[in-house]
Amino acid sequence: MATLKEKIGYALGDAAAGGITWKVMSIAFPLFFTNVFGLTVADTATLMLIARMFDVVTDPLMGSLADRTQSRWGTYRPWLIFGAVPLGVIFALLLYTPDFGPVGKRIYAYTLYLLMMACYTAVNVPYGSLLGVMTEDDNEKNQFSSFRMVGAYAMGFITLLSFPYLQKMVGGTPAHQYAVLGACLGGLATIMTLACGLLTKERLKPVRAEKFSFKPFADLFKNKPWIYLTLIGICTNFFNGFRYAVAGYLMEYCLHGDVTVSGLIINYTVFMTFGEVTCMIFGGLSPKFTQWMGSKKKAFIVAGIICMVFSIAFFFVPMDPAYIWVLVALVVLTSVGVGLYSPLLWSMYADVADYATEKNGTSSTGLIFSSGTMAQKFGTAISGSLVALLLGFAGFYSGTDAKGQTVVNITNMEAVREMIWALFSIFPAVIIVIMIWLLYKYPIKK
């Protein structure tokens, strides 16, 4: 029986990965790279695409490697314990803007971003796989998943809400602000990741394959539940990825900058914070909601419908700061659905891992969960890449001049604003429709 301390320890892992590093990378990086760091829109889009091709190889390899790890700390925990420091350091360096020209900045950004993806994979794939070896009780797995999501969203709430106030406190140029906050948040992510590795326990031992083989990779593509769930995972992260990646542009160009209401600074991070706290609350309610609905599959579909309806409604609100609370309300209502389905995804990956073990005779838990991490990074980064490309298509241009200064030029402001608005509402709604169809076809009935 897992203790409360262990559940909190497990939650700290995603508080670091999902609530700090990935949240900042999803929301701040597109705007940071184009408007602060000084990459062109094309460079930003290409960077994220190259990183995804890199992950297609590293994620499953990491999953297979983690499954075969044997140490005094267990199978998956040592990757968190020894990967904590590199994760925080590389994250901090990625938010630093060097005094380089266009070529130097491009090399720096590409190198650090790829290193960050590799390090994130080395920590997060084993972290997700822990769920498969901490307990065999299905209800307890749901509880761990719920704690994980609450931890991620609670830390995401703190990170995003405090961001503009911390920037103001740090002062100086935006580049200086991001560099200082990167160092602080990177240090915090290191501490939380290390605590997760030390506080959790591995109670179950994976049924290991004796030798490395490509058979587990081939078996994945014979695993029908895995195929559907991976596509569903990509859809959930496309949905969040579009909204997070474009939020900064939405506040800057559709609502004409930060909105101050009764002393509260609503910038793009705070705007999304309202959704984070909603996800935290409803992530905690997800196990009860699932029991009420009768199955994970039904609960997931209903949560998806909630996301779709309120995403479409957002599109019809005027682009005017006077409607800020209407927009916030729709973000909150959309996040009800996100909060309800987020824990279900990881619990369903545990079901798929159990199905694969029963069918194939050996454990591929790390490999199965690595596909979840790959879906997360693939969906988020490809959506971020598409945001950059579509904004460029609409008339948004950025880059670094000969003096190393960041330059932003918009040739068609109205087209850019309309594209931003659609990327936050209609594009995600279409993705949810696809996701619901995939859920309908998903074969495991739990």
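Values quoted throughout were computed directly from the atomic coordinates according to the rules given, and no laboratory measurement underlies them. This is a predicted model, so every value here is computed, not measured. So basically every Cβ, Gly included, is an ideal-geometry build from the backbone, and we count neighbours across all protein chains shown.
Annotations
- Test item: Cα-centred dipole of the range 66-190, Lys/Arg +1 and Asp/Glu -1 on Cβ, debye: 380 debye
- For S398, nonlocal amide neighbours, meaning residues 5 or more places apart or on other chains whose placed amide H falls under 5 Å from its own, are V41, N409.
- Residue range of the chain that is longest and free of GluC sites (Glu not before Pro) which are both DSSP loop and sparsely packed (at most 13 other C-beta within 10 Å): 211-446
- Cα-projected label distance for I191 with K446, points at 7 Å along beta-carbon direction, nm: 3.5 nm
- Only one residue of P98, G284, L255 has its Cα farthest out toward the positive end of the dipole of the chain, where Lys and Arg carry +1 and Asp and Glu -1 on Cβ, and that residue is G284.
- Within the chain, the whole DSSP H helices whose Cα atoms reach 24 Å or more along their own axis and whose mean Kyte-Doolittle score is at least 0.0 are 41-67, 77-94, 102-134, 138-170, 174-199, 224-249, 268-293, 296-315, 324-360, 365-394.
- Label sites at Y96 and D138, each approximated as a point 7 angstrom past Cα along Cα to Cβ, lie 5.0 nm apart.
- Bridging of K446 to aspartates and glutamates at a Cα separation below 14 Å is possible for D137, D138, D351, D354, once same-chain residues fewer than 8 apart are set aside.
- Potential lengthening of the chain between I434 and Q291 amounts to 49.0 nm, from the contour at 0.36 nm per residue minus the alpha-carbon distance.
- Estimated FRET transfer efficiency when R0 is 25 angstrom, pair V85-S162 (beta carbons, to 0.05): 0.60
- Sites A313 and D258, calculated FRET efficiency, Cβ-Cβ separation with R0 35 Å, nearest 0.05: 0.90
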